[in-house]
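> A single structure is presented below for examination.
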Amino acid sequence: MATAYKIDPTEITEAEWKVRVDLAAFYRIAAIHKFDDFLYTHISARVPGPEQHFLINPFGLTFDEITASSLVKIDIDGNILSQSDYGINYAGFVIHSAIHAAREDAHYIAHFHTADGMGASAHAEGLLPISQRALGIIPGLSYHDYEGVALNLDERERLVHDLGQTKQMLLRNHGTLALGSTPGEAWSGIYQLESACSVQVAALAGGRENVLIAPEAAQEEVRRQQASRPAAARKREGSKSHDQLVWEAVLRKVQRELPGFDA
C-alpha cells in the first residue's frame, strides 16, 4: 500500500482529529460501495474553527488507502497547510472550495463519478420520478450544466448559484454531489442519490417508452410526507437522529471491512 506523510495527532486539535477520522471513514465507505473513481473524485470536510480551512484527499492515494493523518489541509485559496508527500486535485479544490465558502452547513461534501451517476446526469429529463428513492430526492435536487473540466475559478459562482440551498445535485454530463452538516447526512445524501441514479439506469435499459412514471398523486404524497414526518414515526425510530444511526453503521462497517482509517 502507498504511504503518505502522516501528521502527529498531538499537533492538531481534538476536534480536527475527529473530523479527519470521520472523513477517512467516508472515503473508505465510498470505496466499499464502489463509488470511487480511482484517483479522480473527492470528499472534503471543513476543519472546525474560524478559519476557512478544509480537508481533502491527497492526489495519488486511492480511497481505500486514505487515513485520518494522510488527509491534506488547505485554505479557501488552495494553499496547502499541512505537510504531505502529495498535492491535491485542482478540479476538486475548485468545486469544494466554492461550496465550503458559500454554505455554512456544508461541513462535508461528496462528489462522485460513478457510471450510473454520470448516466443519470446525462439524461435530458434529469432524475425521473420512477422509484421511491427518486421521489424523495427530486423536490430538493438541483442541477449544474457542464462547462468543461472544473479548472476555471469563475465557474464557482455559477455552481453555487445553481446549488442554491439544496443539498443534492446532479452535475450534468459529470456526476453526483451531496453535502451535509454531519458525515451521516452527507453520506446518506450521496448514497440515496447514487442509488436513485442506478435504478434509473436499470429501468431505462428497457427503453424510455417502457418506464413507469409514479402517479402524480403519489409524488405529491411523498412531498407531503417529507415536509411533515409523523411524530409517531420519529418516536419509533429511537432517541438518536437518522444521521447518527447512519454514521454509526458506517463506522462499524468500515471497521469490519477496511480497518486502519483512523491512523
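The values are calculated or read from the model by the stated rules, or taken from the named source; none is laboratory data. Please read these numbers as outputs of a predicted model, since none were measured by experiment. Positions of Cβ are generated from backbone atoms using ideal geometry, with glycine treated the same way; all protein chains shown enter the neighbour counts.
> Wholly within region 44-121, which strands (runs of 3 or more DSSP E) include no fewer than the required count, namely at least 1 residues that are within 15 Å of the chain's Cα centre (by Cα), touching a residue at least 40 places away in the same chain (Cβ under 8 Å) and buried (at least 20 other Cβ atoms within 10 Å of the Cβ)?
53-56, 108-112
> Of the numbered conditions (1) over 16 Å from the mean Cα position of the chain (by Cα); (2) outside any helix (DSSP H, G or I); (3) modelled with pLDDT of 95 or more, LEU170 satisfies every one except a single condition; which is it?
Here LEU170 clears every test but (1).
> Scanning region 27-42 for residues that are part of a loop (DSSP other than H, G, I, E, B) and of a type in the set (D, E, K, R), which turns out surrounded by the fewest Cβ atoms within 10 Å (Cβ to Cβ)?
Filtering first and then ranking leaves LYS34.
> Every residue in region 147-164 that is in contact (Cβ under 8 Å) with a residue 40 or more places away in the chain and outside any helix (DSSP H, G or I), please.
Result: VAL149, ALA150, LEU151, ASN152, LEU153.
> Would you call ALA24 buried (at least 19 other Cβ atoms within 10 Å of the Cβ), in contact (Cβ under 8 Å) with a residue 24 or more places away in the chain and either touching a strand residue (DSSP E or B) at 6+ places or on another chain (Cβ under 6 Å) or not in a helix (DSSP H, G or I) (or both)?
Spelling it out, it is not the case that ALA24 is buried (at least 19 other Cβ atoms within 10 Å of the Cβ), in contact (Cβ under 8 Å) with a residue 24 or more places away in the chain and either touching a strand residue (DSSP E or B) at 6+ places or on another chain (Cβ under 6 Å) or not in a helix (DSSP H, G or I) (or both).
> Which residue pairs have Cβ atoms closer than 7 Å, lie 6 or more positions apart in sequence or on different chains, and pair a first residue in region 239-253 that is in contact (Cβ under 8 Å) with a residue 24 or more places away in the chain with a second residue that is of a type in the set (A, V, I, L, M)?
VAL250/ALA25; VAL250/ILE29; LEU251/ALA25; LYS253/ILE29; LYS253/ILE32
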